[in-house]
Amino acid sequence: MLEDRIYRILLITGIALSTLNIIGNSIIDLPFRINIKWITLIVVGIAAFYSINYPLLKEKVKFLCFLLLILVFIPLGWFDSGGSANNTIPYGFFLLVSITYLFDGKKRSFLVFVLISTFTGLYILEYIRPELKLAYSAESQLMDRLVQIPLTLYVTYTLIKQFANAYNTEKYKQEKYSKELMEANEQLNKLATFDSLTNVNNRRIFDEHLHNLIEDENTLSNVFIALLDIDHFKTINDTHGHLIGDELLIEFSKKALEIIPKPHVLARWGGDEFGIIYFGNKDTMLETMNDLRLHIQKIGQKKNLDTTISIGVTNLRPSDSVKDLLRRADLALYETKTHGRDNITLSL
């Protein structure tokens, strides 16, 4: 768990930092009293570290640990190290960052309030009772800063780096998830829009276009609806196999998309039947439908098949419903089939 990992790093770093400060203070011959806060920090850190293995105890110890740091460690460090001239402020910032991440809700608000109140109170107390703080020579203050400032900066960097790494990891996961979600949505949209075999529009999209045409008062008058199917397609499947039948549908659809580009609409209804919404005048529309007839023959010839299509066409009328349009187109298609197939019937 990220929170526990960072909490452990904070405790280990605090213990190590305290040990180094004790050693450093001994080297520069500062009084033992100044090490009391560091010894306090080591004891609290060790107790808190072992409490992590006990979930029910961990949260209570963690809260008490930060409360002790604010109410005991900070005041001791303040007066033992020269008051406002010392390095306690950076530790306050370090605690603030740690509290913000490790706590939430009322506990976080309470600890932040206590931390701010403590520093405010220390400044006021120092002003009223300046004799409470220990005074050190400029050389001692310099040596103390040379030890504590680099350590404080490094510890703060280590903490913030954990946040940054966690943020970047989550950002990468979110970006990856967003990309996968976008790809999944695109795939779902494709499945909902296009026929999986022929990659042309499916029946649902065709019907949506028809409904939009009916409802749009500005629809142009030169709109034609065509229904077509491949003649004797069941015989082709039964004689040559469904694989050949599928190849025929795929190649025909690919060529039909070239002959009938957008804004015209080509859709597969199912099986060997297709629907077309054509925008333009009647003569151009008939030429286009005839091109479809010629190309299905060429495709069949390559496969040693005798392939033709039957087409029924009607035009959009002001009073039409979707049902009216499809019924007339279907009747026109039926008439083509009953009169020898391989032809176009208009119902205008």
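The values are calculated or read from the model by the stated rules, or taken from the named source; none is laboratory data. Values in this document were obtained by computation on a predicted structure and should not be read as measured data. Note that each Cβ is placed from the backbone with ideal geometry, even for glycine, and that neighbours are counted across all protein chains shown. Keep in mind that these areas ignore ligands, DNA and RNA; they rest on the heavy atoms of the full protein, side chains included. Shrake-Rupley method; radii C 1.70, N 1.55, O 1.52, S 1.80 Å.
Values as computed for the structure displayed
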quantity: The stretch 45-126 - percent relative contact order, Cα under 8 Å, separation 6 or more; calculated: 29 percent
quantity: Cross-link pairs beyond the 23 Å C-alpha cut-off, checked among LYS255/LYS323; LYS282/LYS303; LYS107/LYS171; LYS234/LYS302; LYS62/LYS106; calculated: LYS255/LYS323; LYS282/LYS303; LYS107/LYS171
quantity: The chain, dipole about Cα centre (Lys/Arg Cβ +1, Asp/Glu Cβ -1), debye to the nearest 20; calculated: 1540 debye
quantity: DSSP H segments from the chain that extend 30 Å or more along their own axis, Cα-based, with Kyte-Doolittle mean of 0.5 or above; calculated: 2-27, 105-128
quantity: Span from the the stretch 1-80 Cα centroid across to the the stretch 200-268 one, whole angstrom; calculated: 75 Å
quantity: Where a label projected 7 Å from the Cα of LYS303 along Cα→Cβ would reach, residues of the stretch 246-278 with amide N under 17 Å; calculated: 246-257, 268-274
quantity: Inter-site label distance for LEU348 and SER321 at 7 Å from Cα along Cβ, in nm; calculated: 2.7 nm
quantity: Spatial extent of the stretch 1-105: Rg and Dmax, with the Cα atoms as the point set, Å; calculated: 14.1, 44
quantity: Label assignment, semi-axes √(5λ) of the Cα gyration tensor in Å derived from the structure, set (1) 87, 22, 16; (2) 30, 22, 21; (3) 46, 29, 15; calculated: (1)
quantity: Accessible surface of the stretch 223-293, 1.4 Å probe, proportion on carbon and sulfur as whole %; calculated: 53 percent
quantity: Extended-chain gain in nm, criterion 0.36 nm per residue less alpha-carbon gap, PHE93 and THR120; calculated: 8.3 nm
quantity: Euclidean distance of C-alpha centroids, the stretch 298-317 and the stretch 115-133, integer Å; calculated: 94 Å
quantity: Relative contact order of the chain, pairs being alpha-carbon contacts under 8 Å that are 6 or more residues apart, as %; calculated: 13 percent
quantity: Hull volume in cubic angstrom per residue (convex hull over the Cα atoms of the stretch 56-125); calculated: 72 Å³
quantity: Globularity ratio of the stretch 90-137, using Cα Rg and 2.2 N^0.38 Å; calculated: 1.44
quantity: Protein accessible area in the stretch 298-347, 1.4 Å probe - carbon and sulfur %; calculated: 45 percent
quantity: Top positive-direction residue, dipole computed over the chain with Cβ charges, set ILE89, GLN162, ILE250; calculated: ILE89
quantity: Whole-number Å³ per residue for the convex hull built on Cα positions in the stretch 256-297; calculated: 65 Å³
quantity: Dmax and Rg, reported as Rg then Dmax, of the stretch 271-334 (C-alpha, Å); calculated: 13.8, 46
quantity: Solvent-accessible heavy-atom area per residue, rounded to whole Å², over the chain at 1.4 Å; calculated: 56 Å²
quantity: Of every Cα-Cα pair in the stretch 217-323, the percent that sits beyond 21 Å; calculated: 36 percent
